[in-house]
Amino acid sequence: MTADQLSNQIGRYIPEDAVEIIVRLIIENKISLTIARSRRSLYGDYRWPQKNKGHRISVNGDLNKYAFFITLVHEMAHLITWVKFKNAVSSHGAEWKHEFKSLMDEFKGRKIFPIDITLAFKQHLLSPSFTHCMDEKLMKALKKYDAVKALHVEDLANNDLFEFGKGRIFRRETKLRKRYRCIEVKTNRVFLFNALAEIKKP
């Protein structure tokens, strides 16, 4: 695939001002990029070379372009960390954080995000976590740009029922600091849900 073809393909998923640098990074690192179907458990993943295959990254194709971009750079940081340290360091330790920040520095001066995401992401970048999903402020900013608006635990009232997983029904109760205390109706067991967990009405 040529650089122009790759630009046309990846340009559908990330901000326009990020395309040139992302294409260069994909080509330089010989990345096999897969646009994956929606996965509830993760937004993207990186797999180091094995069995005669090169670096592989997959990112969920249903993410909005800002979330897709952050996820892709997150996984690229795993690649660079692996190249430098193999499996000798923790997956989201100081080395990965350094590479993630360094990669993001390459996009300085470009109009990648709207102002609300820019402000939230600057704060997130001070100490990036193993997933930006854990950053409530950043996730709220990102979700404003989703094509399909999802229903979240925080959107419900206390005692409202909701479905999560394969047909499991829960009742939302009070908020405990950052998470909501919820009761699974069938088992009466207590679960703590992130405020931005995506749910359905039963």
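Given the options ARG168, ARG177, ARG172, ARG181, name the one that is touching a helix residue (DSSP H, G or I) at 6+ places or on another chain (Cβ under 9 Å) and over 28 Å from PHE68 (Cβ atoms). First the steps, then the outcome.
Values: ARG168 fails: touching a helix residue (DSSP H, G or I) at 6+ places or on another chain (Cβ under 9 Å); ARG177 fails: touching a helix residue (DSSP H, G or I) at 6+ places or on another chain (Cβ under 9 Å); ARG181 fails: touching a helix residue (DSSP H, G or I) at 6+ places or on another chain (Cβ under 9 Å).
Sole residue among the options that is touching a helix residue (DSSP H, G or I) at 6+ places or on another chain (Cβ under 9 Å) and over 28 Å from PHE68 (Cβ atoms): ARG172.
Return a yes/no flag: does segment 20-28 have any residue that is outside any helix (DSSP H, G or I) and buried (at least 16 other Cβ atoms within 10 Å of the Cβ). Among the residues of segment 20-28, not one is outside any helix (DSSP H, G or I) and buried (at least 16 other Cβ atoms within 10 Å of the Cβ), which makes the answer no. Residues that are in contact with a Leu (Cβ under 7 Å, 6 or more places away or on another chain) and part of a loop (DSSP other than H, G, I, E, B) were ranked within segment 29-63; the one that is farthest from HIS124 (Cα to Cα) is ASN29.
Within the option set ILE117, ILE199, being assigned to a strand (DSSP E or B) and either within 30 Å of VAL73 (Cβ to Cβ) or in the same structural domain as LYS101 (by TED's automatic domain parsing) (or both) holds for one residue only, ILE199.
Working carefully through the options LEU151, LEU196, LEU161, LEU156, find the one that is surrounded by 13 or more Cβ atoms within 10 Å (Cβ to Cβ) and closer than 22 Å to ASP45 by Cβ. Steps first, please.
Details: LEU151 fails: closer than 22 Å to ASP45 by Cβ; LEU161 fails: closer than 22 Å to ASP45 by Cβ; LEU156 fails: closer than 22 Å to ASP45 by Cβ.
The match here is LEU196.
If you go through segment 86-141 and keep only what is among the acidic types (Asp, Glu) and either touching a residue at least 40 places away in the same chain (Cβ under 8 Å) or out of contact with any Pro (no Cβ under 9 Å at 6 or more places or on another chain) (or both), you end up with GLU95, GLU99, ASP105, GLU106, ASP116, GLU136.
Beta carbons closer than 6 Å, at least 6 apart along the sequence or on distinct chains, pair a first residue in segment 21-41 that is touching a residue at least 40 places away in the same chain (Cβ under 8 Å) with a second that is assigned to a strand (DSSP E or B) and among the β-branched types (Val, Ile, Thr) for ILE31/ILE57. Checking the conditions here, which among LYS84, LYS101 is in contact with a helix residue (DSSP H, G or I) (Cβ under 8 Å, 6 or more places away or on another chain), assigned by TED's automatic domain parsing to the domain that holds TYR46, part of a helix (DSSP H, G or I) and surrounded by fewer than 19 Cβ atoms within 10 Å (Cβ to Cβ)? The conditions single out LYS84.
The values are calculated or read from the model by the stated rules, or taken from the named source; none is laboratory data. Since the model is a prediction, treat every value here as computed from it, not as a measurement. Quick reminder, even Gly has a Cβ in these numbers, built from the backbone with ideal geometry, and neighbours come from all protein chains shown.
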